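Everything on this sheet refers to the single structure shown next.
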Amino acid sequence: MKSKLLLILTIFLSHVQAQKVGVVLSGGGAAGSAHVGVLKSLEENNIPIDFIVGTSIGALVGAFYASGYSPEEIEALINSAEFRNAATGTVEERYLFYLMKDEDNSSVLSLNFNVDSVLGKNLPTNVISSVPIDYGLMELFSPANAVAKSNFDSLMIPYRAVAANISQQKQSILKNRDLSKAIRASMTYPFYISPITINGDLMFDGGLYNNFPVDIMCNSFSPDYIIASNVAAENPNPTEDNLLAQLRNILTKEANFEINCTEGIIIQTDVSDISTFDFYGTDLALQKGYNAANSAIDSIRKHVSRTIPAQSVVQKRTKFNQRKPQLIFDSLKIINGYNTQEKYMKHSLKLKQTPVNSTTMKSTYYKFTSNPKISSAYPTAIYDSSKNTFAITLDLKKEKKLKASFGGVVASKPFSTGFFQLEHKLLRNTELSTQANIYFGSFYNAAEASIRWDVPFYVPFYIKTKFSVNRFDYFNGRSTFIDDINPPYIINSERYWGTSLGVPIFTNGKLELGYNYLWQDYEYYQTDDFIRGDTSDRTSFEGNRFYTQFERNSLNRKQYATKGSQFILRLSAVSGREQTTTGSTTLIKSNLNAKREWFEGYLKFDKYLLRKRSVHLGLFFEGNISSLPLFQNYTASNLISPSFAPLPENRTIFQRQYRARSYAGAGIKAIYSYRDIIDIRAELYLYQPYEQIIQNPDGSASFAEEVETRNFIGTLTAVYHSRLGPLAANLNYYEGQEEQFSFLVHFGYVLFNKRGLE
């Protein structure tokens, strides 16, 4: 009897022991969020998870679970704005280092290259920046990697990641070394994010060679039952106009969506409506995965009788997580960098005095990588168990020396403009960049050349000098399409040489001290009733401008922003001489040569707040106060005066009613945003001039009562944010204008080089 009981017990124990369950997670881009729902369902139903193998997004989700993150924690991470920002290469607002940001221009496409390289080396290898992903993975997985001592069998759940080893043209099974780097290699989607190297081999997305790694699970762990979560599909047939589909079909090996090495089940989640990079569909994919797994539980239970109580899983996870060291850094090293860069970072972090936490390190890391001369600085955290701290190494990769930018705007009104810029970047212990650009069109033509020297001192700073030429032709840029207004004959040409010194104020701000020597030339008629043979008035101003400006800017776009804020405070002192030569149509016949001096204060505040789901609210204020004197005549006085231009179209038309030496303007914006791709914007602004300039009967100018008139500006705009720039349709309203409504369609950025008095 005892022998029979012993035999039964032995069979039972061997059966239980044999029921090792492996979970396989396929690739599939954003749709792979469904894997989180599958893990959540398995854990809720007490299904054991003994091993995990993943590829691409499956490697990421699997690593989260294997590293001690609960399904609920993974769900929160996957659905967070931080995750979405990282997946799209966007640096969070609070980490933007504004000092390194170049002035906004109309570029929509840029190409970095070296003149001594062949074409293949100059083609871009990525669409998005890898900086947020690189640091995020290091931050999330380095503590678990320290516990496991870089052995993936020693994680909370034994784990494998699969990457495509392009150098050896085979798959690589990643089971040790740095965990965050293994995940990064496995999810490096070709031409979307830059590849990395492991042991000298170039790695890409594991889905290229094995998008359904059941065989890796069998060969690595020999489980008795496999639960495979699949969101991948066969590659669609490539089309003539889809380069990514063509390349993926060339590179990808056909996946075998079967389990043929042991018993198992495939949980197929229908996520065909969620595209590869649709990271706004993660919550939907997760719910679909959860539902699909719940539907498969009964089938799984027919083969897996072993259960793991939820409390046991929680205890195991808690025990593992308690062993994780805090991510504290006490040393830093930059590979392939320069001494001044390393000294600057160490000084910023104060590493000689005390270790720093990850939040402090992240801020300094983003400052460092915001440098456009740096392509990437891959971070690796190395744990020192004797000190219970980490050392961080940054593997620096310099950007190519030359950068060509193309852009402009195509509009339904004749201010369409082309743009080209060429920049040379030199990265040494200090940094030097030279650039030149041109704008060309019927309304706006410009050329600018500049040199900027950046010094990564204890307090970093830059010195910049430039020469700029601008020409605005308001006559040839007259309104068309719906509007039929006779434009004023006004041409504004300017040249100026300027130099400036900039230093950072915290992370998002900078203080700039500058000087411009400028030549302003205006050619105009003071009446619209001129004929061939009439001569125009000409006014020129030559002088000096000293200014100091504080600016804080975290706006997410250079035009049609929906997040962040901008604050500008500028003080200027201008002095010079006005020279006016009268034309044949003016009543004032005497020429003028007079000294002009004035002070000016400018304030701008633009902030987006109260974001709830897809709705944003924005507040806007702009004010200018000045002692600007009147010039010889009404038109010249208007031309030299600052203008209130809150809409893109405002800068392309000459509107006397929105010009004054002192004014205040305020606005409110309501924006509905669909996945940060399509916006519907309703904006209303109130413009209040102080002592508005009025025209006397003889054409001279005088000031009106202090507060006499005010005007409204409104717009209803639909914007599609493509990767090349905005496609916008604007219905604009201008109170006090002969034709109050204006309709504009444009593709690209309505932006110009900074003017000498701006």
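The values are calculated or read from the model by the stated rules, or taken from the named source; none is laboratory data. Treat the numbers as computed from the prediction; the structure is a model and nothing was measured. A quick note on method: Cβ atoms are made from the backbone with ideal geometry, for glycine too, and the neighbour counts reach across all protein chains shown. Side chains are part of the model used for accessible areas, which takes the heavy atoms of the whole protein and leaves out ligands, DNA and RNA. Shrake-Rupley method; radii C 1.70, N 1.55, O 1.52, S 1.80 Å.
The table for this structure:
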item: Residues satisfying the stated conditions in the range 137-155, i.e. open to solvent by less than 20 Å² (accessible area, probe 1.4 Å) and either farther than 25 Å from Lys362 by Cβ or within 26 Å of the chain's Cα centre (by Cα) (or both); result: Leu137, Met138, Phe141, Ser142, Phe152
item: Among (1) more than 30 Å from Pro726 (Cα to Cα); (2) modelled with pLDDT under 90; (3) surrounded by fewer than 16 Cβ atoms within 10 Å (Cβ to Cβ) - the single one Thr585 does not satisfy; result: (3)
item: Extreme residue, farthest from Ala682 (Cα to Cα), among residues of the range 733-758 that are assigned to a strand (DSSP E or B) and either free of Cβ contacts under 8 Å to residues at least 40 places away in the same chain or open to solvent by 40 Å² or more (accessible area, probe 1.4 Å) (or both); result: Phe747
item: Output for the range 306-356, where each listed residue is modelled with pLDDT of 80 or more, of a type in the set (Ser, Thr, Tyr) and over 13 Å from Ala391 (Cβ atoms); result: Thr307, Ser312, Thr318, Thr354
item: Subset of the range 350-378 [of a type in the set (Val, Ile, Thr) and touching a helix residue (DSSP H, G or I) at 6+ places or on another chain (Cβ under 8 Å)]; result: Val356, Thr360, Thr364, Thr369, Ile374
item: Residue count, the range 266-294 (criterion: in contact with a strand residue (DSSP E or B) (Cβ under 9 Å, 6 or more places away or on another chain) and closer than 20 Å to Gly207 by Cα); result: 5
item: Residues of the range 485-521 satisfying the condition of being surrounded by fewer than 16 Cβ atoms within 10 Å (Cβ to Cβ) and not aromatic (Phe, Trp, Tyr); result: Ile485, Asn486, Thr499, Leu501, Val503, Ile505, Leu513
item: The range 497-554: number of residues that are within 22 Å of Glu622 (Cα to Cα) and of a type in the set (Lys, Arg); result: 3
item: Contacts under 6 angstrom Cβ, first residue in the range 675-694 being more than 30 Å from Ser627 (Cβ to Cβ), partner aromatic (Phe, Trp, Tyr) and part of a strand (DSSP E or B), 6 or more apart; result: Ile678/Tyr720; Ile680/Tyr672
item: Residue pairs meeting the criteria (Cβ under 7 Å; at least 6 apart or on separate chains; first more than 30 Å from Arg471 (Cα to Cα), in the range 393-422; second polar (S, T, N, Q) and in a strand (DSSP E or B)); result: Thr393/Thr380; Lys397/Ser375; Lys397/Ser376; Lys398/Ser375; Glu399/Asn112; Glu399/Ser375; Lys400/Asn112
item: Residue match in the range 653-665 (condition: more than 28 Å from Gln740 (Cβ to Cβ), open to solvent by 50 Å² or more (accessible area, probe 1.4 Å) and at pLDDT below 95); result: no
item: Residue count for the range 522-577, restricted to those that are in contact with a helix residue (DSSP H, G or I) (Cβ under 8 Å, 6 or more places away or on another chain), open to solvent by less than 60 Å² (accessible area, probe 1.4 Å) and either part of a strand (DSSP E or B) or free of Cβ contacts under 8 Å to residues at least 12 places away in the same chain (or both); result: 7
item: Residue selected from the range 48-82 under the condition open to solvent by 10 Å² or more (accessible area, probe 1.4 Å) and of a type in the set (A, V, I, L, M), by the criterion nearest to Gln171 (Cα to Cα); result: Ile57
item: Some residue of the range 619-628 being in contact with a Phe, Trp or Tyr (Cβ under 6 Å, 6 or more places away or on another chain), in a loop (DSSP other than H, G, I, E, B) and of a type in the set (A, V, I, L, M); result: yes
item: Residues being assigned to a helix (DSSP H, G or I) and under 18 Å from Pro460 (Cα atoms) - total across the range 342-361; result: 10
item: Index of the failed condition, Ser172 passing every other in (1) closer than 13 Å to Phe64 by Cβ; (2) modelled with pLDDT under 95; result: (1)
item: Residue in the range 444-458 that is farther than 20 Å from Phe419 by Cβ, of a type in the set (Asp, Glu) and modelled with pLDDT under 95 present; result: yes
item: Among the residues listed as Val61, Val24, Val91, the single one being over 18 Å from Ser312 (Cα atoms) and over 29 Å from the mean Cα position of the chain (by Cα); result: Val24
item: Search result, residues across the range 592-618 that are of a type in the set (Lys, Arg), closer than 17 Å to Val574 by Cα and open to solvent by 80 Å² or more (accessible area, probe 1.4 Å); result: Lys595
item: Residue match in the range 691-701 (condition: open to solvent by 10 Å² or more (accessible area, probe 1.4 Å), among the acidic types (Asp, Glu) and farther than 24 Å from Gln740 by Cα); result: yes
item: Selection from the range 639-657 of residues that are among the hydroxyl-bearing types (Ser, Thr, Tyr) and not in a loop (DSSP other than H, G, I, E, B); result: Ser643, Thr652
item: Test: Glu263 is of a type outside the set (Gly, Ala, Ser), at pLDDT below 90 and surrounded by fewer than 17 Cβ atoms within 10 Å (Cβ to Cβ); result: no
item: Single residue of the range 306-341 satisfying the filter (assigned to a helix (DSSP H, G or I) and charged (D, E, K, R)) that is nearest to the chain's Cα centre (by Cα); result: Arg317
item: Matching option when the condition is under 29 Å from Asn470 (Cβ atoms), under 36 Å from the mean Cα position of the chain (by Cα), assigned to a strand (DSSP E or B) and not charged (D, E, K, R), among Tyr685, Tyr720; result: Tyr685
item: Evaluation of Ile482 against (1) at pLDDT 90 or above; (2) among the hydrophobic types (A, V, I, L, M, F, W, C); (3) open to solvent by 30 Å² or more (accessible area, probe 1.4 Å); (4) over 28 Å from Leu630 (Cα atoms) (one fails), failing number; result: (1)
item: Qualifying positions in the range 447-467 - in contact with a helix residue (DSSP H, G or I) (Cβ under 6 Å, 6 or more places away or on another chain) and surrounded by 14 or more Cβ atoms within 10 Å (Cβ to Cβ); result: Pro456
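Yes or no, residue by residue, for (1) among the aromatic types (Phe, Trp, Tyr); (2) modelled with pLDDT of 95 or more; (3) on the phi < 0 side of the Ramachandran plot; (4) more than 24 Å from the chain's Cα centre (by Cα):
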{"residue": "Ser363", "(1), (2), (3), (4)": "no, no, yes, no"}
{"residue": "Phe368", "(1), (2), (3), (4)": "yes, no, yes, no"}
{"residue": "Ile374", "(1), (2), (3), (4)": "no, no, yes, no"}
{"residue": "Tyr378", "(1), (2), (3), (4)": "yes, no, yes, no"}
{"residue": "Thr393", "(1), (2), (3), (4)": "no, no, yes, yes"}
{"residue": "Lys397", "(1), (2), (3), (4)": "no, no, yes, no"}
{"residue": "Leu402", "(1), (2), (3), (4)": "no, no, yes, no"}
{"residue": "Leu427", "(1), (2), (3), (4)": "no, no, yes, no"}
{"residue": "Glu431", "(1), (2), (3), (4)": "no, no, yes, no"}
